[in-house]
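The values are calculated or read from the model by the stated rules, or taken from the named source; none is laboratory data. A quick note: this is a predicted structure, and the numbers were derived from the prediction, not measured. Note that we place each Cβ from the backbone using ideal geometry, even for glycine, and neighbour counts take in every protein chain shown.
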Amino acid sequence: MGLVLLAIIWLITFFSTYFFAAQTWWLPHGVSTAAPWIDHQFALTYGLMGIVFVAAQGALGWLAWKYRAEDNSGRAEYSHGNTTMEVAWTTLTAILFIGLNLMGSHVWASERFEPAKVGSVPVEVTGMQFAWYFRYPGNDGKYGRTDPKLMDPSAGNEAAIGLDTADPAAKDDVITGTMYLPVNREVDLTLKAVDVIHSFFVPSFRFKQDAVPGLAIHMHFTPTEIGEYEIACAELCGLGHYKMHGMVHVVSQADFDKWLAEREAEK
Amino acid sequence: MATSATTHAHAAPQGFIRKYIFSLDHKVIGIQYIFLALTAVMVGMFLSLLMRIHMIWPTAVLPLVGEIRPETYLSLLTMHGTIMVFFVLTTAPQGGFGNYFLPIQIGAPDMAFPVLNMLSFWTTFVAFVVMLAAFFVTGGAPLHGWTGYAPLSALTNSGPGEQLGADLWVTSIAIFCIASLMGALNFITTTLDLRAKGMTMFRMPLTVWAWFITAILGLLAFGVLLSAGILLLLDRNLGTSFYVPLVVVNGQVMGHKGGSPLLWQHLFWFFGHPEVYIAILPGMGVASQLLSTFARKPIFGYKAMVYAIMAIGLLGFVVWGHHMFMSGMSPYSAFAFSIMTMCIGVPSAIKTFNWLGTMYKARIRFQTPMLYAIGFVSLFVSGGLSGPFLAQPVLDIPLHDTAFVVAHFHLIMGVAAIFGMFAGTYYWFPKMFGRMMNETWGRIHFVITLIGTYCIFMPMHYLGMAAQPRRYSQFTEVAYLQHLMPLNRFITYMALITIGAQIIFIVNLFWSMFKGPKASDNPWESTTLEWTTTTPPPHDNFGGHTPVVYHGPYEYAVPGAAKDYVMQTEPAGVTAH
């Protein structure tokens with residue numbers, strides 16, 4: 001049975017590690033300035049944890065086989081442990097775990113401690129059961145007033161987020177169901193939710209943030225490659241959670257300006 | 001200590017109802033808890049089976065169940081999580097095995113408060129009935145997940161199941177909290193006051209340490225959840241606004257104002273994180289007890305194990321914010337929670353090292369309980385090592401609320417804890433029922449369950465890395481999820497096989513209860529007090545006398561001793577600590 005255990009544990013370890021190492025299923029291609037940093041920290045963590053995983057499972061299987069009792073004669077070694085070893089592995093584990101954490105902390109700090117830089121592209125994201133709306137403040141750079149009493153999700157866009165058209169600042173606001181962003185420009189995101197908590201998740205940007213009713217959460221990121229990327233809701237928000245899906249189009253600055261001008265003209 | 005023990009003895013009851021239904025005997029109550037958890041685990045497992053089937057065949061019409069709609073899927077998910085966490089992972093390891101064996105292992109005739117003990121079980125039973133009732137009311141069971149995030153859970157029109165079903169769900173949890181508080185008080189008092197002569201704290205088996213610390217965690221955590229649940233009931237039914245700000249649901253302005261959705265998350269996880277340790281600590285205790293027993297070697301680093309349990313208990317209360325890195329909570333506090341979370345990895349690692357150390361130069365006997373103890377260690381390592389990914393806020397950005405998290409907590413607090421229960425069942429079954437379980441079928445059950453478990457949960461890490469969000473009833477709407485379907489299908493097939501294999505366990509359990517070979521008083525040649533008494537133990541556990549303890553719990557392979565183990569009650573003179 002010791003041999004059976006060794007075989008099972010080692011085989012499980014081999015297959016698990018193989019699919020990690022071969023990257024058969026992996027993080028989607030990253031297209032934001034944060035992505036390389038996050039992916040680096042991920043790879044580092046995965047390398048270190050992979051080593052510990054293989055070592056621990058390997059040892060477990062080996063010990064089970066090596067110290068199997070073939071009969072009930074003979075005795076194990078009488079030992080209650082070893083304080084030096086306890087201190088050693090406690091210290092090493094603490095250094096490994098806390099060190100690893102500190103190494104990734106600058107990425108978190110740069111993402112979340114500083115506000116968006118001046119000159120970034122302002123976009124407001126509003127989540128509601130089960131759609132995302134994106135608002136661009138227009139030439140005045142100001143978001144117009146919204147009023148909960150005016151919200152009508154069935155009418156979509158302006159009406160869905162309850163835009164108060166009586167407000168002068170609202171006149172040039174553009175509201176869409178698809179997100180457009182210029183490439184290589186920082187995005188100054190304001191996240192809102194009108195009913196329950198949603199989570200704005202764009203795997204390719206390595207971006208995720210909950211949108212919480214009652215809060216306006218400010219975030220920023222910079223997309224780095226032109227293309228179309230999927231948005232998925234990552235917080236359980238009701239029966240349509242699985243289809244609360246959206247698209248981000250990352251385009252050139254010229255195409256972005258053109259797109260925004262066309263939307264303004266449509267109003 | 002020992003003197004007060006006798007005052008708690010009560011006469012053996014007469015009549016079926018006092019003996020088996022409303023029993024005051026901790027052993028009967030323990031078995032009642034175990035059967036309640038066994039019922040709950042079968043319900044919970046059946047729900048997960050329906051979920052896995054729906055994920056890969058979203059339009060399938062199942063016999064008896066019919067078609068599973070997206071909202072049905074979310075109800076299944078909510079009830080699966082809630083039933084498993086509360087009525088299985090909290091109920092069996094602590095209420096079940098803890099109730100039965102904590103008093104015996106410390107040499108007490110019963111729990112400190114037998115009536116409270118009975119009340120605690122029957123309150124848990126009522127909570128379970130109320131929870132199941134949520135399936136049968138109009139609108140069905142709630143869809144807000146076991147974490148019940150507000151405002152989804154606090155509004156009655158946020159989705160189907162959020163009317164009466166959600167009220168029953170919160171009520172059941174509140175009742176469960178009351179039951180757990182009663183149980184926790186009993187465990188703590190019993191451990192502190194009813195230890196036999198010579199049973200010092202540092203001679204207690206690690207199982208007792210685990211149950212004791214778990215009870216302290218329960219006492220501090222369930223009170224908070226109870227309050228949180230009451231506030232949620234008020235928000236739902238009396239129009240208060242603890243968790244709900246001004247919200248508009250489907251164009252309708254709701255009457256709430258000024259509440260904080262994050263408040264629920266803080267309160268819930270203040271309970272929820274210690275709860276993870278409530279589920280796993282007893283498993284750690286059982287693994288330690290069994291590894292030492294079947295390795296025929298003292299546990300490596302007994303005191304380090306005790307301090308590690310204490311450290312896990314303490315740190316377990318200051319890491320709850322790691323569930324909320326993406327919630328809109330201050331990014332600075334995310335930092336603090338992250339460091340504390342990494343710290344809690346250290347005592348967990350110490351335990352693993354000590355388990356491996358116990359096996360070094362041992363003489364391991366591979367009976368079924370030991371297989372499950374080794375399986376526990378393997379799963380604990382696998383589930384534990386994904387922790388340092390999720391504990392880093394920056395890696396939580398891509399991984400939070402994906403299948404990676406589902407893989408992580410299922411491995412560690414789900415199946416590792418369940419392996420602890422299997423280990424405990426195979427190990428203590430002879431003591432509880434006086435018969436041995438079938439060894440061959442035990443081994444077959446182990447091999448299929450271990451391999452099956454890994455085949456189900458290891459691939460979920462890959463799905464999470466590839467950004468598959470959790471709690472999606474189907475993957476038809478998102479293009480990048482399509483290439484993951486083969487992996488999802490593989491997981492479902494493995495789940496079908498693994499769940500099917502549990503029939504082996506159920507049959508073995510009930511068959512052995514009536515037909516298994518008679519067990520001796522100490523079939524595994526263990527050292528702790530439950531093995532010094534008859535099988536099954538008499539009403540007062542030790543047949544009128546109180547044991548006196550001379551040794552620590554794991555004196556195996558003692559040089560100069562007649563046998564390769566020294567019972568805790570063997571008088572001093574034998575060379576042992």
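Points to keep in mind about this one:
- Candidates are the residues of the stretch A:184-197 that are within 10 Å of another protein chain (Cβ to nearest Cβ) and in a loop (DSSP other than H, G, I, E, B); the one that is farthest from B:Ala150 (Cα to Cα) is A:Val194.
- For the stretch A:198-232, the set of residues classified as more than 7 Å from every other protein chain (Cβ to nearest Cβ), touching a residue at least 40 places away in the same chain (Cβ under 8 Å) and more than 18 Å from B:Met329 (Cβ to Cβ) consists of A:Val202, A:Ser204, A:Phe205, A:Phe221, A:Thr222, A:Pro223, A:Thr224, A:Glu225, A:Ile226, A:Gly227, A:Tyr229, A:Ile231, listed by residue number.
- Residue in the stretch B:529-539 that is free of Cβ contacts under 8 Å to residues at least 60 places away in the same chain, closer than 30 Å to B:Asp401 by Cα and either within 14 Å of another protein chain (Cβ to nearest Cβ) or of a type in the set (Val, Ile, Thr) (or both) present: no
- Residue count, the stretch B:424-464 (criterion: facing chain A (nearest Cβ under 10 Å), aliphatic (A, V, I, L, M) and more than 30 Å from B:Leu143 (Cα to Cα)): 3
- Taking the criterion of being in contact (Cβ under 8 Å) with a residue 24 or more places away in the chain and not aliphatic (A, V, I, L, M), the residues of the stretch A:233-254 that qualify are A:Cys233, A:Glu235, A:Cys237, A:Gly238, A:Gly240, A:His241, A:Lys243, A:Gly246, A:His249, A:Ser252, A:Gln253.
- The residues of the stretch B:465-514 that are more than 7 Å from every other protein chain (Cβ to nearest Cβ) and outside any helix (DSSP H, G or I), listed by number, are B:Gln468, B:Arg470, B:Phe475, B:Thr476.
- Unique match (being surrounded by 19 or more Cβ atoms within 10 Å (Cβ to Cβ), over 18 Å from A:Asp164 (Cα atoms) and at pLDDT 90 or above) among A:Phe97, A:Phe134: A:Phe97
- Being over 18 Å from A:Thr90 (Cβ atoms), out of contact with any Phe, Trp or Tyr (no Cβ under 7 Å at 6 or more places or on another chain) and either at pLDDT 95 or above or among the charged types (D, E, K, R) (or both) is a property that B:Phe404 has.
- Which listed residue, of B:Met42, B:Met51, is surrounded by 13 or more Cβ atoms within 10 Å (Cβ to Cβ) and within 14 Å of chain A (Cβ to nearest Cβ): B:Met51
- Positions within the stretch B:286-303 being facing chain A (nearest Cβ under 9 Å) and among the aliphatic types (A, V, I, L, M), in sequence order: B:Ala295, B:Ile299
To keep it simple, each residue is scored yes or no on (1) among the small types (Gly, Ala, Ser); (2) in contact (Cβ under 8 Å) with a residue 40 or more places away in the chain; (3) assigned to a loop (DSSP other than H, G, I, E, B); (4) touching a helix residue (DSSP H, G or I) at 6+ places or on another chain (Cβ under 6 Å).
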residue: B:Glu71; (1), (2), (3), (4): no, yes, no, no
residue: B:Leu74; (1), (2), (3), (4): no, yes, no, no
residue: B:Thr78; (1), (2), (3), (4): no, yes, no, no
residue: B:Val88; (1), (2), (3), (4): no, yes, no, yes
residue: B:Pro103; (1), (2), (3), (4): no, yes, no, yes
residue: B:Phe121; (1), (2), (3), (4): no, yes, no, yes
residue: B:Leu132; (1), (2), (3), (4): no, yes, no, no
residue: B:Thr138; (1), (2), (3), (4): no, no, yes, no
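Residue-wise test of (1) free of Cβ contacts under 8 Å to residues at least 40 places away in the same chain; (2) under 23 Å from B:Leu89 (Cα atoms); (3) crowded, with 24+ Cβ neighbours inside 10 Å.
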| residue | (1), (2), (3) |
| --- | --- |
| B:Leu152 | yes, no, yes |
| B:Leu168 | yes, yes, no |
| B:Thr189 | no, yes, no |
| B:Lys197 | no, no, no |
| B:Val224 | no, yes, no |
| B:Ser241 | yes, no, no |
| B:Val247 | no, no, yes |
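- Considering B:Gln474, B:Gln568, B:Gln468, B:Gln502, the condition of being farther than 30 Å from B:Cys455 by Cβ and in contact with a helix residue (DSSP H, G or I) (Cβ under 9 Å, 6 or more places away or on another chain) is satisfied by B:Gln568 alone.
- Pick from the stretch A:25-38, criterion modelled with pLDDT of 95 or more and surrounded by fewer than 17 Cβ atoms within 10 Å (Cβ to Cβ), ranking: nearest to B:Val394 (Cα to Cα): A:Pro36
- Candidate set: the stretch B:357-390, residues that are more than 7 Å from chain A (Cβ to nearest Cβ) and in a loop (DSSP other than H, G, I, E, B); chosen: the one surrounded by the fewest Cβ atoms within 10 Å (Cβ to Cβ): B:Gln367
- Positions within the stretch B:304-348 being assigned to a loop (DSSP other than H, G, I, E, B) and within 12 Å of chain A (Cβ to nearest Cβ), in sequence order: B:Met324, B:Phe325, B:Met326, B:Ser327, B:Gly328, B:Met329, B:Ser330
- Restricting attention to the stretch A:6-47, the residues that are aromatic (Phe, Trp, Tyr), under 21 Å from A:Leu100 (Cα atoms) and more than 7 Å from chain B (Cβ to nearest Cβ) add up to 3.
- Among the residues of the stretch A:49-92, those identified as at the interface with chain B (Cβ under 7 Å from one of its Cβ atoms), in a loop (DSSP other than H, G, I, E, B) and not basic (Lys, Arg) are A:Tyr67, A:Ala69, A:Gly74, A:Ala76, A:Glu77, A:Tyr78, A:Ser79, A:His80, A:Gly81.
Yes or no, residue by residue, for (1) more than 19 Å from the chain's Cα centre (by Cα); (2) free of Cβ contacts under 8 Å to residues at least 40 places away in the same chain; (3) over 30 Å from A:Gly246 (Cα atoms):
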{"position": "A:Ala88", "(1), (2), (3)": "yes, yes, yes"}
{"position": "A:Gly99", "(1), (2), (3)": "yes, yes, yes"}
{"position": "A:Ala109", "(1), (2), (3)": "no, yes, no"}
{"position": "A:Pro122", "(1), (2), (3)": "yes, no, no"}
{"position": "A:Met128", "(1), (2), (3)": "yes, no, no"}
